[in-house]
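Throughout, read-outs are computed from the coordinates displayed, never taken from laboratory work. Remember, predicted model here, so these are calculated numbers, not experimental data. Here the Cβ positions follow ideal geometry from the backbone for every residue, glycine too, while neighbour counts run over all protein chains shown.
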Amino acid sequence: MPDFEAAVDLCCTCEAAFEFFVQPANLLKILPSETVLRFVDVPERLELGSRLEFEISGMGPIQRVLHEIVEFNKPFGFTERQLKGPLKSFVHTHLIESNGSDMITVIDRIEFEPPGGLAGFLITENRIMEALKYGFEHRHRELKRILEQAL
């Protein structure tokens, strides 16, 4: 299964970053503007077992996706797993590591498997990797701007 990892160092606390991430509405603040994401059914705050249903476009038609929070380790991260969506599998681990009193590293680890069939010709491993790289570069710039501005 292909793996993707991206990290960013931030000047804030683990608690502040975790608090930002467990509020799904904050995701909309850090996505690239061309990413179309619409929440269908998400909680105000994430916890173990939370489910997030949303629609997203980016590689073809709008897809309805369902994720579940399968690990929750406050304030050091959580893992979400795709239950329904365009990929055969998708697991995103959000890690927050302390580097001192107010320095952290946010690490995003994603394991995925591209779809099979006809969709697999459009949504290839290389295309997914490129989209993740672009998306997380943007996302991490915005995290830095938002979370460091709060200090």
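Our note on the geometry: Cα centres of segment 1-49 and segment 60-109, 8 Å apart. The modelled label-to-label distance between ARG64 and GLU44, using points 7 Å beyond Cα along the C-beta direction, is 2.6 nm.
Which cross-chain or sequence-distant (5 or more) residues have an amide H under 5 Å from the amide H of VAL42, H modelled 1.01 Å from N in plane? Those lying under 5 Å, H to H, from VAL42 are GLU53. Derived scalar couplings between HN and Hα for segment 106-120 equal 9, 10, 10, 10, 10, 10, 8, 9, x, x, x, x, 5, 4, x Hz in order, rounded to whole Hz, by the Karplus curve 6.51 cos²θ - 1.76 cosθ + 1.60 (θ = phi - 60°), x for Gly and Pro. The label-point distance for GLU148 and SER89, in a model that sets each label 7 Å from Cα toward Cβ, rounds to 3.6 nm. With θ taken as phi - 60° and the Karplus curve 6.51 cos²θ - 1.76 cosθ + 1.60 applied, the whole-hertz 3J(HN,Hα) list for segment 21-28 is 5, 7, 9, x, 4, 5, 4, 5 Hz, x standing for glycine and proline.
In order along segment 78-89, the Karplus-derived 3J(HN,Hα) couplings, from 6.51 cos²θ - 1.76 cosθ + 1.60 at θ = phi - 60°, round to 7, 10, 10, 10, 5, 9, 8, x, x, 9, 5, 7 Hz, and Gly and Pro are given as x.
Taking 0.36 nm per residue of sequence separation and removing the Cα-Cα distance, the GLU53/ARG127 pair yields an extension gain of 24.3 nm. In terms of its Cα atoms, segment 23-74 spans 33, 20, 16 Å along the principal axes, sorted from long to short. Placing a label point 7 Å from the Cα of ILE107 along the Cα-to-Cβ direction, the residues of segment 1-32 with a backbone N closer than 11 Å are 5-8.
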